Amino acid sequence: RQFTATRAAEREAGGGRSAHGAAAAAKLEALRLGTLQTVPSCQMCKQKLYPTDMRAVDGYQLHEKPCARCHHARNGQRCGNRATRILRQEDRLLPLCSAHFKQLAMLMGA
């Protein structure tokens, strides 16, 4: 009798679901209500992006250290500056510091 009373209480509280099923149901309910919080992804490397690692450059959300560095600094040149502008080339993003952005703009004639 005590076992059936406990089962009935479980069914009333959680519908008899497992912990995983209850978490999934809660996530679906939050999605339905529009309150589901998701972790954004870096628009450069497509990995998870947490608020402590985030840097916004020209409206793009990037990782502070590896992704928001000037493209020329990655190719061996040591400008050491953070990217302040993003240049979009075909299907990839090209982060540039202000000095290299000006240099590239002069070369392109823009």
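For Met44, the residues whose amide H sits under 5 Å from its own are His63, ignoring neighbours fewer than 5 places away on the same chain, with H placed 1.01 Å from N. In order along segment 88-95, the phi-based Karplus estimate (6.51 cos²θ - 1.76 cosθ + 1.60, θ = phi - 60°) of 3J(HN,Hα) comes to 9, 10, 6, 10, 10, 9, 10, x Hz; Gly and Pro are listed as x.
For Val57, the residues whose amide H sits under 5 Å from its own are Leu62, ignoring neighbours fewer than 5 places away on the same chain, with H placed 1.01 Å from N.
Any read-out appearing in this document is the output of simple, stated calculations on the displayed coordinates, not a laboratory observation. Computed from a predicted structure; not experimentally measured.
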